[in-house]
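Below is one structure, written out as structure tokens, with a few remarks after it.
The values are calculated or read from the model by the stated rules, or taken from the named source; none is laboratory data. Quantities reported herein were computed from a predicted structural model and do not represent experimental measurements. Neighbour counts are summed over all protein chains in view; Cβ atoms, including those assigned to glycine, are modelled from backbone coordinates with ideal geometry.
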Amino acid sequence: MYQLVYLSRAVPPLTSAQILDLVVCSREHNQRHHLTGILLSKAGQFMHLLEGDRPDVEALFERIERDPRHREVTVLHQGSAEGRQFPGCPLGFQDLGSAAVLAVPGFGAFLNTSLSADEFRDFSKAQKLLLLFQRRRSS
């Protein structure tokens, strides 16, 4: 199992409808390629965890890097993992700017955090944020 976590910024910023369209298309693609993960969005910035076979993860990430809608693409982590963090989930999605996210236990620590490379230089902080949504899916 291979995982890759990156940050990016949408240029121009995407509307909520555009993001949801992107999520639907991405879920279809990921299902065909046995990829799983989660996309977090906040104020035009994204954190994306991709997991699957290394060639499939790397191929998708290369497409993302070439996509003109993504800028400031920063890899936070890549490497082997014991298993999937989001099994059976072609692409989980959470808008971190929505009111619903306030109900996620532990999210308060991230309330005023942007999804920028400056905020997540220490990957353990990104892991903590992703873990909040992994736990939410499994409960």
Which residues, counting only those in region 1-22, are closer than 18 Å to Gly97 by Cα, crowded, with 16+ Cβ neighbours inside 10 Å and either among the β-branched types (Val, Ile, Thr) or in contact with a Gly (Cβ under 9 Å, 6 or more places away or on another chain) (or both)?
Arg9, Ala10, Leu14, Ile19
The one condition in (1) touching a His at 6+ places or on another chain (Cβ under 9 Å); (2) assigned to a helix (DSSP H, G or I) that Gln18 fails to fulfil:
(1)
From Val73, Val104, which residue is in contact with a Ser or Thr (Cβ under 8 Å, 6 or more places away or on another chain) and among the β-branched types (Val, Ile, Thr)?
Val73
Please work out if Leu50 is under 12 Å from the mean Cα position of the chain (by Cα) and modelled with pLDDT of 95 or more.
yes
Selection over region 100-128 where residues are closer than 19 Å to Leu14 by Cα and either under 12 Å from the mean Cα position of the chain (by Cα) or at pLDDT below 85 (or both) yields a count of 1
Which listed residue, of Ser98, Ser80, is free of Cβ contacts under 8 Å to residues at least 24 places away in the same chain and of a type in the set (Gly, Ala, Ser)
Ser98
How many residues does region 78-124 hold that are more than 17 Å from Ala43 (Cα to Cα) and surrounded by 15 or more Cβ atoms within 10 Å (Cβ to Cβ)?
9
Inside region 16-45, can you point out the residues that are within 16 Å of Gln3 (Cβ to Cβ) and in contact (Cβ under 8 Å) with a residue 60 or more places away in the chain?
Asn30, Ile38, Leu40
Taking region 63-76 and keeping residues assigned to a strand (DSSP E or B), closer than 19 Å to Ile19 by Cβ and under 14 Å from the mean Cα position of the chain (by Cα) leaves His70, Val73
Of (1) in contact with a Lys or Arg (Cβ under 6 Å, 6 or more places away or on another chain); (2) surrounded by fewer than 15 Cβ atoms within 10 Å (Cβ to Cβ); (3) more than 17 Å from Leu14 (Cβ to Cβ), Arg71 fails just (3)
Looking only at region 34-46, filter to residues that are over 12 Å from the mean Cα position of the chain (by Cα) and at pLDDT 95 or above; which one of those is surrounded by the most Cβ atoms within 10 Å (Cβ to Cβ)?
Leu35
Determine, yes or no, whether Glu119 is part of a helix (DSSP H, G or I) and of a type in the set (Asp, Glu).
no
Out of Leu40, Leu60, report the one residue that is among the hydrophobic types (A, V, I, L, M, F, W, C) and not in a helix (DSSP H, G or I).
Leu40
